[in-house]
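Only one structure is covered here, and it is reproduced in the block below.
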Amino acid sequence: MSEPSFEELRRELDEVVARLERGDVPLDEALALWRRGEELHRACVERLDRAELEIEELRLGDGSGRDSEPPGG
(Lines give C-alpha, C1' and ligand atoms only; values in the text may rest on other atoms or scores of the structure.)
Protein backbone atom coordinates (compact mmCIF):
# COMPACT_ATOMS: atom_id res chain seq x y z
CA MET A 1 0.00 0.00 0.00
CA SER A 2 1.46 3.35 -1.01
CA GLU A 3 1.84 6.27 1.33
CA PRO A 4 -1.05 8.76 1.05
CA SER A 5 -0.28 12.06 -0.62
CA PHE A 6 -0.12 15.32 1.28
CA GLU A 7 -3.39 16.31 -0.35
CA GLU A 8 -5.09 13.12 0.83
CA LEU A 9 -3.82 13.64 4.38
CA ARG A 10 -4.99 17.24 4.35
CA ARG A 11 -8.41 16.30 2.99
CA GLU A 12 -8.90 13.72 5.75
CA LEU A 13 -7.71 16.22 8.36
CA ASP A 14 -10.25 18.75 7.06
CA GLU A 15 -12.99 16.12 7.35
CA VAL A 16 -11.98 15.29 10.92
CA VAL A 17 -11.98 18.96 11.88
CA ALA A 18 -15.40 19.50 10.28
CA ARG A 19 -16.89 16.56 12.18
CA LEU A 20 -15.46 17.81 15.46
CA GLU A 21 -16.67 21.35 14.81
CA ARG A 22 -20.23 20.11 14.17
CA GLY A 23 -20.20 18.78 17.72
CA ASP A 24 -22.64 15.97 16.99
CA VAL A 25 -20.37 13.00 17.70
CA PRO A 26 -20.33 11.06 20.97
CA LEU A 27 -17.46 11.76 23.35
CA ASP A 28 -15.56 8.53 22.69
CA GLU A 29 -15.76 9.08 18.95
CA ALA A 30 -14.73 12.72 19.37
CA LEU A 31 -11.64 11.61 21.30
CA ALA A 32 -10.76 9.09 18.58
CA LEU A 33 -11.26 11.78 15.93
CA TRP A 34 -9.04 14.15 17.91
CA ARG A 35 -6.28 11.52 18.08
CA ARG A 36 -6.59 10.87 14.34
CA GLY A 37 -6.49 14.60 13.68
CA GLU A 38 -3.26 14.87 15.67
CA GLU A 39 -1.74 12.01 13.65
CA LEU A 40 -2.79 13.62 10.39
CA HIS A 41 -1.47 17.02 11.46
CA ARG A 42 1.92 15.53 12.36
CA ALA A 43 2.06 13.67 9.04
CA CYS A 44 1.26 16.88 7.12
CA VAL A 45 3.90 18.86 9.01
CA GLU A 46 6.49 16.14 8.38
CA ARG A 47 5.67 16.17 4.65
CA LEU A 48 5.97 19.94 4.49
CA ASP A 49 9.26 19.87 6.39
CA ARG A 50 10.67 17.24 4.00
CA ALA A 51 9.51 19.24 0.99
CA GLU A 52 11.08 22.42 2.38
CA LEU A 53 14.36 20.61 3.00
CA GLU A 54 14.34 19.15 -0.50
CA ILE A 55 13.65 22.55 -2.04
CA GLU A 56 16.45 24.10 -0.01
CA GLU A 57 18.85 21.34 -1.08
CA LEU A 58 17.88 21.86 -4.72
CA ARG A 59 18.23 25.61 -4.43
CA LEU A 60 21.65 25.42 -2.81
CA GLY A 61 22.86 22.66 -5.07
CA ASP A 62 21.97 24.33 -8.34
CA GLY A 63 25.52 25.59 -8.86
CA SER A 64 24.49 29.19 -9.42
CA GLY A 65 26.13 30.45 -6.24
CA ARG A 66 23.32 32.95 -5.77
CA ASP A 67 23.31 32.45 -2.00
CA SER A 68 27.01 33.05 -1.48
CA GLU A 69 28.51 36.49 -1.07
CA PRO A 70 31.03 37.59 -3.63
CA PRO A 71 34.68 37.37 -2.51
CA GLY A 72 35.70 40.40 -0.51
CA GLY A 73 32.08 41.53 -0.27
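The values are calculated or read from the model by the stated rules, or taken from the named source; none is laboratory data. Keep in mind that this is a model prediction, so the values were computed, not measured. No Cβ is skipped: glycine too gets one built from the backbone with ideal geometry, and neighbour counts run over all protein chains shown.
A few comments on the model shown:
- Within region 34-67, the set of residues being surrounded by 10 or more Cβ atoms within 10 Å (Cβ to Cβ), among the basic types (K, R) and modelled with pLDDT under 95 comprises R59 only.
- A count restricted to region 1-18 and to residues that are of a type outside the set (G, A, S) and either farther than 15 Å from E38 by Cβ or touching a residue at least 40 places away in the same chain (Cβ under 8 Å) (or both) stands at 7.
- Hits in region 12-33 (condition: surrounded by fewer than 13 Cβ atoms within 10 Å (Cβ to Cβ), part of a helix (DSSP H, G or I) and not small (G, A, S)): D14, E21, R22, L27, D28, E29, L31
- Residue that is farthest from the chain's Cα centre (by Cα), among those in region 2-19 that are among the acidic types (D, E) and at pLDDT 95 or above: E15
- Count of region 1-10 residues which are assigned to a helix (DSSP H, G or I) and surrounded by 13 or more Cβ atoms within 10 Å (Cβ to Cβ): 3
- Pairs are defined by a Cβ separation below 8 Å, a sequence spacing of at least 6 or placement on different chains, a first member in region 22-50 that is in contact (Cβ under 8 Å) with a residue 24 or more places away in the chain, and a second member that is exposed (fewer than 11 other Cβ atoms within 10 Å of the Cβ) and not in a helix (DSSP H, G or I); no pair meets this definition.
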